[in-house]
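Enquirer: Sharing a structure below in structure tokens format, with a few things to ask.
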Amino acid sequence: MSELKGWKELVPGGLIVEAGNAKEYKTGDWRTEKPELNPEKCIHCFFCWAYCPDNAVIVDAEAGKMLAFNYDYCKGCGICAAACPAKGAITMVPER
Amino acid sequence: MAKVVGFNGNAAVAYAMKQINPDVVAAYPITPQTDCVERFAEYVSEGLVDSEFITVESEHSAMSACIGAAAAGGRVMTATAANGLALMWEMLYIAASMRLPIVMMVTNRALSGNINIHCDHADTMGARDAGWIHLFSENAQEAYDNTIQAIKIAEDLGVRLPIMVTQDGFIISHAVERVEILEDEEVKNFIGAYKGRYPLLDLNNPVTYGPIDLFDYYFEHKRSQIEAIDNCLPVIERVGKEFGELSGRNYELLEGYRLEDAEYAVVALGSTCGTAREAIDSLREKGKKVGLLKMRCFRPFPRESVIEALSPLKGIAVLDRSVSFGGFGGPLFTEVRSALYDAPSRPSIINFFYGLGGRDIYPEDIEKALERTEEVVKAGKIEQHIDYLGLRE
């Protein structure tokens, strides 16, 4: 989360008055486990990218490369690791 | 010259609603409020108002429709009573939390069980913590006047909160009285045009109402709601004064009757204040220094004004027409007694429960309450803080 506001700074009624602000809510801090990528074993099949429910897999589509996880939004669900056909390319490790 | 008509409380409020001409009314019939909404439905069918009238399948839906319409940017009204208000419960809190200026007339009626359709204040007192402004009316005239003022109070940019205007079921709602009404044009000018803040229908400025609000912000939002309702008192006072300039009938947060030199007083809500005036006049003729404090505004509770009015007295009888089961006294007693804790001098206070389920209260009951209060003060000791009027042992 970014800096939390005090009660005097809030919009009356608890409304959200700007559109497209869901990305400001960094849901990554909900995570108890996180996926770790082993680039040497990754076959760049993009299965993790296709399965990720949070759009938290960063790829270079033109180069055909899986690059990293976006930990700001990855909730640590482990679907990427389960879907990964390359054994050992994605490992779930406890969040510290 | 003001126009004078014969209206019961329901008709008076329905007429005020006609003159207010709200964008949306969503309501469900329940005794003793039915008569009010029925009359308003006639105004709709006769084309005398522009209001969208939504007939719903329950009060929960009525308040939900009101919330939606108010969030969309409309001026919105409804009416209910008793179990209908109880069915609105969760939506009442949502309306207040979203700061939607909905105006609701409630004919005060006992809550079940057993089933009773007559007056007590259990319904709105149960909703006193929901975040709504809560105005009581002594008679049909005040129900009419309060309804018009409620629009202006609720819509004030410093307020933007829902208001319930109450009148005692049957006692006011079904008794025809002399009511002075304003011209349509006067009401229209008094309330002015409404402009919704953050209306959902403003497609260029999309907003979200009621998002999930967890441990990171919920507390701050509640704190700002506390501030909002506390800040209403000066607005209610100002609108009461402006209404006085228009109609000749001035309104304050509370009203004292023969209180200036009084030693003993009753504190009451609603139609009982009329009965109390009789009792006080009669005791005054016998040389007793007694008076009445009528609480018009119960939420927000006008603490400072209560201290100012009651602190100089020797003894107070607080009349409660509803029970807070297991609590130390009724809702009015608890508030008044708590406010006086910091007062420069503290009068003795006795709580009298009365009138539950529409049981009549007579001037003699109120005389008895004042006499008992005087006895307690003279004895210098309160043996019994809570007593009953008009109850068979």
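Just so it is clear, none of the values below were taken in a lab; they were calculated from the coordinates. These numbers come from a predicted model, not from an experiment. Note that we place each Cβ from the backbone using ideal geometry, even for glycine, and neighbour counts take in every protein chain shown.
Enquirer: Taking every alpha carbon pair in region B:101-211, what does the distance histogram look like in 10 angstrom bins from 0, in percent?
Expert: The distribution over region B:101-211 is 13, 34, 31, 17, 5, 0, given as percents.
Enquirer: What residue among B:Y354, B:Y257, B:Y217 shows peak mean-square fluctuation when chain B is described by a Gaussian network model with Cα springs under 10 Å?
Expert: In the Gaussian network model the winner is B:Y217.
Enquirer: Return the sequence-ordered ³J(HN,Hα) values of region A:14-29 in whole Hz as given by the Karplus equation 6.51 cos²θ - 1.76 cosθ + 1.60 applied to θ = phi - 60°, using x for Gly and Pro.
Expert: x, 7, 10, 9, 10, 7, x, 9, 4, 5, 6, 8, 7, 7, x, 7
Enquirer: So how many Lys-Lys pairs in region B:3-247 land under 20 Å Cα to Cα, not counting same-chain pairs under 8 apart?
Expert: 9
Enquirer: What shape does region B:8-89 take by its C-alpha gyration tensor, where a ≥ b ≥ c are the square roots of the eigenvalues and a/c under 1.5 counts as rounded, a/b above b/c as prolate, and the rest as oblate?
Expert: Working: a/c = 1.87, a/b = 1.10, b/c = 1.70.
The shape class here is oblate.
Enquirer: With 5 Å bins from zero, work out the P(r) of region B:1-144 over every alpha carbon pair and list the percent per bin.
Expert: 2, 11, 20, 23, 22, 14, 6, 2, 0, 0
Enquirer: Then there's this: Hey, in the GNM for chain A with a 10 angstrom Cα cutoff, which one of A:G14, A:G78, A:G64 fluctuates hardest?
Expert: Comparing A:G14, A:G78, A:G64 in the GNM, the peak value goes to A:G14.
Enquirer: Here's another thing I want to ask about it. Using only the alpha-carbon atoms, what does chain A span along each of its principal axes? Please give whole angstrom values in decreasing order.
Expert: Sorted largest first, the three principal extents are 52, 32, 17 Å.
Enquirer: Sticking with this one: Quick one: dipole size for chain B, taken about the Cα centre, charges +1 on Lys/Arg Cβ and -1 on Asp/Glu Cβ, in debye to the nearest 20.
Expert: So the magnitude is around 620 debye.
Enquirer: Cα convex hull of region B:3-247: mean projected area in nm², to one decimal?
Expert: So the mean shadow area of the Cα hull is 13.3 nm².
Enquirer: Out of every Cα-Cα pair in the protein assembly as shown, what percent are more than 35 Å apart?
Expert: So the pairs more than 35 Å apart make up 44 percent of the total in the protein assembly as shown.
Enquirer: Additional query: Counting only helical runs of four or more DSSP H residues, what would the 222 nm mean residue ellipticity of chain B come to if each run contributes -39,500 (n - 2.57) and the total is spread over all its residues?
Expert: -12500 deg cm²/dmol
Enquirer: Using C-alpha positions alone, give me the convex hull volume of region B:335-386 per residue in cubic angstrom.
Expert: Per residue, the Cα convex hull of region B:335-386 comes to 95 Å³.
Enquirer: What is region B:1-98's relative contact order, in percent, from Cα pairs under 8 angstrom and six or more apart in sequence?
Expert: Value for region B:1-98: 32 percent.
Enquirer: Right, here's the next one. Looking at region B:244-370 from every direction and averaging, what is the projected area of its Cα convex hull in nm²?
Expert: Numbers: hull surface 34.0 nm².
Taking the Cα atoms of region B:244-370, their convex hull projects to 8.5 nm² on average.
Enquirer: Please list, or write none, the lysines whose alpha carbon is within less than 27 Å of the alpha carbon of A:K34, excluding same-chain residues fewer than 8 places away.
Expert: Counting by Cα, and skipping residues close in sequence, A:K34 has these lysines nearby: A:K23, A:K26, A:K65, A:K75, A:K87.
Enquirer: Now for a different question. Which residue, B:N139, B:N116, B:N189, tops the fluctuation ranking in a GNM of chain B built on C-alpha contacts under 10 Å?
Expert: B:N189
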